[in-house]
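Here, each number is a calculation from the coordinates, and none is a lab measurement. Note that the structure is a prediction, hence the values are computed from the model and not measured. When we count neighbours, we look across all protein chains shown, and the Cβ atoms used for this are built from the backbone with ideal geometry, even at glycine.
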Amino acid sequence: MLIRPLDPVTDRVRVDRFFLDAADYVRLERGADPDTEVTEEYFTDHPPGTDPATSYRVGLFEQDQLAGLADLAFGYPEATDAFLGLMMFTPAARGRGLGQAFLRHLETEARRRGATQIYIAVLDANPRGRAFWEREGFRLALANRPVTLGRKTQIAHRMVKQL
């Protein structure tokens, strides 16, 4: 297992392929199949008031295959917070304990950059994901927020973990 930052130029084809491999989650989240816009948003989106240049866009590789990716932003919702906007895996990588290892890596990076807590948003449509976050020590901070991703509006819950 290798975890490294993803480059928007040299890794774009890998990230496009990743989203195609994980199309089931993209459909759950956005209500549509993945396209190049999903990859573009991965490399450019960021929470309000944050500097996209400080985001940590990182991939988890097994052999040479991108098995997981994450996007960690800094300074949201408050200056000393980190916000994990996305952490997902291909179907073949799910349920194998990689989530814990990847999360530990992201928590270490957040601490290194001075964050005191880390936030995530989990969709109502993803109860398995919410169970993972709760097992990892995240607690509800803000419930029942409508969010629109792609063409789909649904309910998300913001969760937080002290670092």
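What FRET efficiency do you get for Arg27 and Tyr76 if R0 is 35 Å and r is their Cβ-Cβ distance, rounded to the nearest 0.05?
Between Arg27 and Tyr76 the formula returns 0.85.
Choose one of Ala79, Leu106, Gly95: the residue whose Cα lies farthest towards the positive end of the charge dipole of segment 66-117 (beta-carbon charges +1 Lys, Arg; -1 Asp, Glu; about the Cα centre).
Of the options given, the answer is Gly95.
Looking at the chain as a GNM with Cα springs under 10 Å, which of Leu66, Leu106, Leu149 has the largest mean-square fluctuation?
Looking only at Leu66, Leu106, Leu149, the biggest GNM fluctuation is shown by Leu149.
From the C-alpha coordinates alone, can you work out the Kirkwood hydrodynamic radius of the chain, in Å?
About 15.9 Å, per the Kirkwood formula over Cα pairs.
Leu142 label point, 7 Å along Cα→Cβ, cut-off 17 Å on backbone N: hits in segment 42-82?
Once the point is set 7 Å along Cα→Cβ of Leu142, 46-51, 73-82 turn out to lie under 17 Å by backbone N, inside segment 42-82.
Could you work out the relative contact order of segment 2-116, using alpha carbon pairs under 8 angstrom and six or more residues apart, expressed as a whole percent?
22
Top mean-square fluctuation among Val147, Val38, Val15, Gaussian network model of the chain, C-alpha springs under 10 Å?
Val147
Can you run phi through the Karplus equation (6.51, -1.76, 1.60; θ = phi - 60°) for segment 73-82 and list ³J(HN,Hα) in whole Hz, with x for Gly and Pro?
3J(HN,Hα) across segment 73-82, in whole Hz: 9, 10, x, 9, x, 10, 4, 9, 9, 10.
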